[in-house]
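First the structure, in the form of structure tokens, and then the observations on it.
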Ligand SMILES: NC(=O)c1ccc[n+]([C@@H]2O[C@H](COP(=O)([O-])OP(=O)(O)OC[C@H]3O[C@@H](n4cnc5c(N)ncnc54)[C@H](O)[C@@H]3O)[C@@H](O)[C@H]2O)c1
Ligand SMILES: CC1=C(/C=C/C(C)=C/C=C/C(C)=C/C=C/C=C(C)/C=C/C=C(C)/C=C/C=C(\C)C=O)C(C)(C)CCC1
């Protein structure tokens, strides 16, 4: 595969982007040992230091916003609007959320369901930084997908090494500039490179590896990490299905699904690969997609300033081959221009789940439509194509949507917010991040307790010589009896009815407080009334 490297420096009024320069292997090794030494020194654990670094990062993003726009345009012809809404604004929001939330996030957490007798030991959970985090990024949202983990790693008190994708070379160089300008170079560094450099990086020990990219590369990374028992957070792709039934809003489905295949020319891990459409609304759906396309891009995608290009020749060829090999019928789009790396938003009607348009992730502006007759049949197809896709979209009735939509009645809204965790299961990845969830992903949840000397009286049963009578007494006081019988049924004994009475029938703590509040307010009001009547 040919490397996409820039030959010349790209300049604008707000600065310049030099050609992609790979870091030397010696430099990578030296930076790695600095990061490890800094972590051991404890510098990155200081919460004020973490906040200051994130604030500096925020301002570097603001100051380099124009260069980020330019880099994204050069790399994928991403529009200025998309550059801002899905990358620059996103990264700024991550910084702001982390700075605002950090004092709260770092607080020790209580242990859930702690038996009362252990309260004096004050057991709690402390979020400790893991150490040095490695992030290997994908090309499609180079700022969002690299800066988001960076913010989380800083917030959690780690040091961090970033290796952006070489397929977005301009963005990779701007990322390095932003990090060099804003951040403590002993704690957070960006190195650039391709496969050889990444392999070299992986020869070093990290405390967690974050990888965003394809399943094939993800497997290589996970295997390498396993050699040193290094945990991984894998953000991979897959064949995401969408479902449209006659009970859904077909026009809305067409509009929203088309949007997520036009955003970044469909180079979005969360966009759908194929749409399962109930046969009776198939024609209506296809017609609506065409109508929406004409509304989104009246002069066609090629002339639209909003529509991105395919990142490089290799991916263009991959998509072209997928279309050329399909046995389906193109019902919208189909045009392409190799010189411009342009592929039109294209819909292919297929009737075989082994079609080239279904068996691989498209990761581009092309997608297939597959008719179905019953919802169960559609669900079975989705299970067969990819049992663990990264995302799933349903446009049906409420009852149908409840059968499993990750986003109902929309595209990937569930992962379009900084505050929601993103992450797949099975072959679409492991772990999740964004905002507070990044903080958790890059922290070790360490249980701690402070056990006062006087509690030895409570704990004496644990000491040798073990005593049967002490143990009996301990069990009498501490052992809780189950509230279920041998068939798994809840036994409604005295304890059950007492707890129903005390909780006033509420199942949640909030409900309990509310009901008791109402009861007390009623009692007080009645009491006051009786008084005013002189009773
Ligand atoms: N789950 C998510 O959040 C998410 C987000 C974006 C993209 N993706 C997925 O990423 C894929 C597209 O991105 P991509 O083409 O950049 O992915 P990719 O797997 O080709 O590359 C990702 C990174 O891995 C490195 N790499 C590639 N081959 C390697 C090797 N043999 N050894 C070591 N490192 C190697 C690259 O330099 C790059 O930095 C799609 O499958 C998409 O679904 C997932
Ligand atoms: C309801 C009221 C209002 C609300 C307005 C709202 C809700 C506006 C929403 C605007 C949105 C949602 C804009 C869309 C932005 C697109 C984004 C952020 C794209 C993100 C892309 C991502 C996350 C891609 C990820 C890719 C990955 C992970 C992999 O490849 C008011 C406020 C207008 C008024 C009151 C009522």
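Where a number appears in this text, it was derived from the coordinates with a stated rule and is not lab data. These figures come from a predicted structure and were not determined experimentally. Cβ atoms come from the backbone with ideal geometry, glycine included; neighbour counts cover every protein chain shown.
Going from the residue with the fewest nearby Cβ atoms within 10 Å to the one with the most, 384, 235 rank 384, 235. Annotation for residue 489 and residue 219: the two label points, set 7 Å from Cα along the Cα-Cβ direction, are 5.0 nm apart.
What FRET efficiency comes out for the pair residue 122/residue 186, r = Cβ-Cβ distance, R0 = 41 Å, nearest 0.05? Computed FRET efficiency for residue 122 and residue 186: 0.70.
A simple spin-label model places the labels of residue 114 and residue 520 2.4 nm from each other, with each point 7 Å out along Cα-to-Cβ. Adding -39500 (n - 2.57) for every DSSP H run of four residues or longer, then dividing by how many residues the chain holds, sets the calculated 222 nm ellipticity at -13000 deg cm²/dmol. Peptide packing for 26-33, 460-467, 283-290 was compared via the average number of neighbouring C-beta atoms within 10 Å per residue; ordered from the highest value, the list is 283-290, 26-33, 460-467. Segment 412-433 and segment 330-404 have Cα centres spaced 20 Å apart. At 0.36 nm per residue, and after removing the present C-alpha to C-alpha distance, how many nm does the segment from residue 227 to residue 195 gain when stretched out fully? The residue 227-residue 195 span can extend by a further 9.7 nm.
Sequence gap at least 6, Cα distance under 8 Å: using those rules, report the relative contact order of segment 406-535 to the nearest whole percent. Rounded, it is 7 percent for segment 406-535.
The orientation-averaged projected area of the convex hull spanned by the Cα atoms of segment 428-508 comes to 12.0 nm².
Relative contact order of segment 25-237, please, whole-number percent, based on alpha carbon pairs below 8 angstrom and at least 6 residues apart.
Relative CO of segment 25-237 lands at 25 percent.
Ranking of 474, 383 by neighbouring Cβ atoms within 10 Å, starting from the fewest: 383, 474. Estimated from the Cβ-Cβ distance and a Förster radius of 22 angstrom, the FRET efficiency linking residue 509 and residue 479 is about 0.30. The distance from the alpha carbon centre of segment 289-328 to that of segment 219-275 is 17 Å, rounded to a whole number.
Peptides 486-498, 344-356 ranked from most to least packed, by the mean per-residue count of other Cβ atoms within 10 Å: 344-356, 486-498.
Under the classification rounded if a/c is under 1.5, otherwise prolate if a/b is larger than b/c and oblate if not, where does the chain fall, given a ≥ b ≥ c as square roots of the Cα gyration tensor eigenvalues? Oblate is the answer for the chain, as a/c is 1.5 or above yet b/c matches or exceeds a/b. Model label points for residue 329 and residue 453, set 7 angstrom from Cα along the Cα-to-Cβ axis, are 8.8 nm apart.
Label point of residue 103 set 7 angstrom out along Cα-Cβ; within segment 128-166, amide nitrogens under 19 Å from it belong to 155-157.
If r is the Cβ-Cβ distance from residue 379 to residue 416 and R0 is 25 Å, what FRET efficiency results, to the nearest 0.05? My answer for the efficiency is 0.55. With contacts taken as Cα pairs under 8 Å and at least 6 residues apart, the chain reaches a relative contact order of 16 percent.
Residue exposure proxy: 206, 342, ordered by other Cβ atoms within 10 angstrom of their Cβ from fewest to most, comes out as 342, 206.
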